[in-house]
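The values are calculated or read from the model by the stated rules, or taken from the named source; none is laboratory data. If you're wondering where the values come from, they're calculated on a predicted model, not measured in any experiment. Heads up, the Cβs are rebuilt from the backbone with ideal geometry, glycines too, and the neighbour counts pull from every protein chain shown.
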Amino acid sequence: MVSTDKKIFESASEVKARMLGYVSQIDELFIIILGAKENLKIESKLKFIGLTRLKAFFWRPKAVKKFDLVTSQDPFETGLIAWRLARRFGAKLELQIHTDIGSPYFWQESVKNKIRFLIANFLLPRADRIRVVSQRIADYLKAKSYNLKAKIEIRPIFVDVEKIKNTPVTVDLHKKYSQFNKIILMASRLTKEKNISLAIEAMREIVKQKSQTGLIIVGSGFEAKSLKLKVKSYNLEASIVFEPWADHETLISYYKTADLFLNTSWYEGYGMTLVEARAAGCPIISTDVGVAREVGARIVEHNYSSLAKGIIKSLE
């Protein structure tokens, strides 16, 4: 497996637990984590190593003579490395797609994404297996004339719904933020694609009608500073609270005690937080991305007026 998720190095992470689950069904799993420090670790049938992208592209392991399958976490730069390794070892190539490459917002977002889109166009017809995380991505691939030799498999990211349902509330948002009578929750990476700015724009309209409504944004990312400056410039500091990323049990408590879960992404391949919020029984408002429709979210357009109206209607 070729991945960029460094949480595999964390012994208590959910990613690590998921990898150990995979290992239970195969003889051996060897994971290359791109961008991590070179540090080979062996745990029973699971082995993982950090490599730079350049080293990974030319990597030739001494301990392993043959791989049956090389799988990549995306069909972009990581996919190119996986394709190279699959050819070198005469292995089957599986490409996984976790993001909505068919969304115009994806390839319009940056020059980097336009290049990624072209790489995906090159790699997908060469894959022996294609794993997507949602019906939305599968429908796009089927509609696009890719001339695929691989069968498209829809394998969503696993969410332990029963565990979420049975996890007790340890932190009540309404007790923690008693100044609000209605609480909207967001849990997300603070990046451009998540479009958190849209939520801030909508809050300007919402507090005019419902002054005691609060927005709690849980997450971290490159846009944190600019988003906080935007909140300050709109004089919304009393209505919008930023929290660092919480552990999973705390986040489940947040889902269960919020009045509404909000997702404003430009695009999503899946949307794990949507599934988790649904499992916790929290009503959802979302732009039309990922599995938003499947989880029964109220769908809104990518503009603050539509979003504000949708939120007010849901809260009422």
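Determine whether ILE216 is farther than 14 Å from SER265 by Cβ, in the same structural domain as GLU268 (by TED's automatic domain parsing) and in contact (Cβ under 8 Å) with a residue 40 or more places away in the chain.
Values: farther than 14 Å from SER265 by Cβ: yes; in the same structural domain as GLU268 (by TED's automatic domain parsing): yes; in contact (Cβ under 8 Å) with a residue 40 or more places away in the chain: yes.
Here the answer is yes, as ILE216 does meet what is asked.
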*asked:* Step by step: first the residues of the range 45-97, then only those that are in contact with a Gly (Cβ under 8 Å, 6 or more places away or on another chain) and of a type in the set (Ser, Thr, Tyr), then the one that is farthest from LEU148 (Cα to Cα). Which residue is that?
replied: THR52
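Kindly indicate which of VAL133, VAL159, VAL169 is touching a Phe, Trp or Tyr at 6+ places or on another chain (Cβ under 8 Å) and at negative phi. Explain how you work it out, then say what you get.
Details: VAL159 fails: touching a Phe, Trp or Tyr at 6+ places or on another chain (Cβ under 8 Å); VAL169 fails: touching a Phe, Trp or Tyr at 6+ places or on another chain (Cβ under 8 Å).
On inspection, the qualifying residue turns out to be VAL133.
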*Among what's in the range 296-316 and is in contact with a helix residue (DSSP H, G or I) (Cβ under 7 Å, 6 or more places away or on another chain) and surrounded by 19 or more Cβ atoms within 10 Å (Cβ to Cβ), pick the residue that is farthest from ILE196 (Cα to Cα).*
ALA297
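LYS175: surrounded by fewer than 18 Cβ atoms within 10 Å (Cβ to Cβ), of a type in the set (Lys, Arg) and within 30 Å of SER253 (Cβ to Cβ), yes or no?
On the way: surrounded by fewer than 18 Cβ atoms within 10 Å (Cβ to Cβ): yes; of a type in the set (Lys, Arg): yes; within 30 Å of SER253 (Cβ to Cβ): yes.
Yes: the conditions hold for LYS175.
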*Looking at the range 217-242, which of the residues that are of a type in the set (D, E, K, R) and crowded, with 16+ Cβ neighbours inside 10 Å is farthest from the chain's Cα centre (by Cα)?*
LYS230
*asked:* Pull out all pairs, ordered by first then second residue, where Cβ-Cβ is under 7 Å, the residues are six or more apart or on different chains, the first lies in the range 65-78 and is in the same structural domain as ALA120 (by TED's automatic domain parsing), and the second is in a strand (DSSP E or B) and surrounded by fewer than 19 Cβ atoms within 10 Å (Cβ to Cβ).
replied: ASP68/LYS92; LEU69/LYS92
